[in-house]
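After the structure tokens below, expect a handful of questions from me.
The values are calculated or read from the model by the stated rules, or taken from the named source; none is laboratory data. Predicted, not measured: the structure shown is a model, and the values here were computed from it. Neighbour counts run over all protein chains shown; Cβ positions are idealised from the backbone, glycine included. Quick note on the areas: whole protein, heavy atoms, side chains included, nothing else; ligands and nucleic acids left out. Shrake-Rupley method; radii C 1.70, N 1.55, O 1.52, S 1.80 Å.
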Amino acid sequence: QMKEIGLEPAANGSYFQEVPLLSVRSTISNTLDFETPKGAFKLQKMVVHETGQAGYPWNVVRNNGENTKLYLKSENGYKDRCSMEGWISKPAAEQLFASCGMSFEQAKTMALKKDFKPMVLPVKVSGKIFNHFENKTTSNVCGLIRGNKHADEVVVYTAHWDHLGIGAKVNGDSIYNGATDNASAVTWMLEMARAFKTSKPVVSGRLDMGNLLIPHGIWRV
């Protein structure tokens, strides 16, 4: 499509830009339990899911958690990541904070303040998680439109394909086709490229399409 529209290859003479990834498939041997210990523990991060703010229900997170995760290769061996990262539903979070002597809403109000500093909760997570690691390589698909002015500047437009892949079966189908998330935006981006290409004068710009988006929405361009 990019070639048909008339975009130049934007990745060293190619439309495809290789992106090294780390594939991680995790298996939890039993339900994670939260207990009140007598001491501190290593840094953990649990994202509290709220349907209203997220725009999608908890079952989307739960089903996605069953899939293999893909992460951009780290230059420092992921030393800046927490020892455990995960999602927790709001009802479970409310129980967790209640066991620490505060309500979830109180903790949320504190976290929204500019002077908020992270605090250690007096709880311990117990459970077993087994990780299988594999190195993989995918590609961004990149096209370039050269403008008439500001040759040293670039405007980047991006879109991603379906980010859930394969998960729990729904009516016998386990493939998340991603028509809304995000094939519609890929189409939108290509049509913008077509419009820029046929418009005069052409504004200096580069249009990038990532054929794979990491869960947190990161490209290495």
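Taking a threshold of 23 Å on the Cα-Cα distance, which of the pairs K45/K108; K136/K197; K69/K113; K45/K124; K73/K114 fall above it?
K136/K197; K69/K113; K73/K114
Can you figure out the FRET efficiency of E4 with S184, using R₀ = 25 Å and their beta-carbon distance, to the nearest 0.05?
Once rounded, the FRET efficiency stands at 0.80.
Quick one: which residues, 5+ away or cross-chain, put their amide H under 5 Å from the amide H of T138? H built at 1.01 Å from N.
For T138, whose amide H was placed from the backbone, the distant partners under 5 Å are V19, L21.
Still on this structure, I have one more. Taking K and R as +1 and D and E as -1, what net charge do the other residues with C-beta under 14 Å from the C-beta of S23 add up to?
Result for the local shell: +3.
So how much slack lies between R146 and V170, counting 0.36 nm per residue of separation and subtracting their Cα-Cα distance, in nm?
Result: 4.2 nm gained on full extension.
I've got another one for you. Carbon and sulfur atoms: what percent of the 1.4 Å accessible area of the stretch 72-193 do they account for?
The nonpolar share, carbon plus sulfur, comes to 55 percent.
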